[in-house]
Amino acid sequence: MESVCVYCGSSPGTQPDYATAARELAGALLERGLALVYGGASKGLMGIIADAMLAGGGRVVGVIPQGLVDKEIAHEGLTELHVVASMHERKALMAELSDGFIAMPGGFGTLEEIVEMLTWGQLGIHAKPCGLLNVAGYYDGLLGYVEHAERQGFVRGEHRRMLLASSDPAALLARLDSYQAPAVAKWSNPAPAG
């Protein structure tokens, strides 16, 4: 891996642990010599992780839609800032520029982004790892849902195991680095018997 996309909130959230984890993840990325790809904003957890990476001399690539630049939330000091026309273009370019994906705490957008990348992996569109930085149990409910979906027959075990999770940034990056994609993509599943 050379670069990791981090999805996270444009808000800092209510817990100081979230900002601390953003700085720790930046430190773990810097220690491994990895670049950060993220949503290009200067606010919230997005701004915190970008600032921590830049302070440590790291490479930070932002991708932001013009509509958000117009609202003056684009980070001005990044290594690279790509301004795109739409959220769809943003997600596609972030995926193209990244070798793996991590979701930190965030809202609907963060959830949608990591689930889309996980789905693309399930379909065999890419073979890149997807992980959750489960800060203070933030993603416990989502992990429980995924296990429930498997028990109910909507997610296969090998696809559930595609979603990596840890509360420790360095441990999560190690898991991403050693990730092996499932051999069978979802759309090549055999038809059920009978």
Tell me whether region 1-77 comes out rounded, prolate or oblate; compute the Cα gyration tensor, take square roots of the eigenvalues as a ≥ b ≥ c, and use a/c under 1.5 as the rounded threshold. oblate
Dimensions (Å) - the chain, Cα atoms, principal axes, largest first: 59, 34, 29
Simple spin-label model, 7 Å along Cα-to-Cβ: Ala55 to Phe154 in nm? 4.1
Rounded to the nearest 10, the angle in degrees between the Cα long axis of helix 140-151 and the longest principal axis of the Cα atoms of the chain comes to 20
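Carbon and sulfur together cover what percent of the accessible area of the chain at a 1.4 Å probe radius?
Working: 5080 of 9560 Å².
The value for the chain is 53 percent carbon and sulfur by accessible area.
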What is the distance in Å between the Cα centres of region 104-152 and region 1-61? 19
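When only Cα pairs under 8 Å and 6 or more residues apart are kept, what is the percent relative contact order across the chain? Walk me through the intermediate numbers first.
Working: 346 pairs, mean separation 41.4, N = 194.
So the answer I get is 21 percent.
How high is the relative contact order of region 33-84? Use alpha-carbon pairs under 8 Å, at least six apart in sequence, and give a whole percent.
On the way: 84 pairs, mean separation 20.8, N = 52.
Worked out over region 33-84, it gives 40 percent.
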Taking the dipole of region 52-194 about the Cα centre (Lys, Arg +1; Asp, Glu -1; charges at Cβ), the one of Met87, Gly107, Met162 that reaches farthest to the positive side is Met162
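If you place +1 on the Cβ of every Lys and Arg and -1 on the Cβ of every Asp and Glu, how big does the dipole about the Cα centre of region 51-194 come out, in debye to the nearest 20? Show your work: numbers first, answer last.
Working: 11 positive and 17 negative charges, 114 e Å.
Dipole magnitude for region 51-194 comes out near 540 debye.
Assuming R0 = 22 Å, what is the FRET efficiency of Asp168 and Thr14, from their Cβ-Cβ distance, to the nearest 0.05?
It comes out at approximately 0.55.
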Expressed in nm to one decimal, what extension gain is obtained for the pair Ser86 and Leu111 from 0.36 nm per residue of sequence separation less their Cα-Cα distance? 7.2 nm
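Using just the helices of the chain, give the 222 nm mean residue ellipticity in deg cm²/dmol: DSSP H runs with n ≥ 4 each add -39,500 (n - 2.57), and the total is spread over all residues, rounded to 500. Working shown, then result.
Values: 8 runs with 84 residues, N = 194.
The per-residue figure over the chain is -13000 deg cm²/dmol.
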Accessible area in square angstrom per residue, the chain, 1.4 angstrom probe: 49
Give me the angle, in degrees from 0 to 90, between the Cα long axis of helix 108-122 and the longest principal axis of the Cα atoms of the chain, rounded to the nearest 10. 50
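The values are calculated or read from the model by the stated rules, or taken from the named source; none is laboratory data. All figures in this text were calculated on a predicted structure; none of them were measured in a lab. Cβ sites come from the backbone with ideal geometry, for glycine too, and all protein chains shown count toward neighbours. Just so you know, the surface numbers come from the protein's heavy atoms only, side chains and all, with ligands and any DNA or RNA stripped out. Shrake-Rupley method; radii C 1.70, N 1.55, O 1.52, S 1.80 Å.
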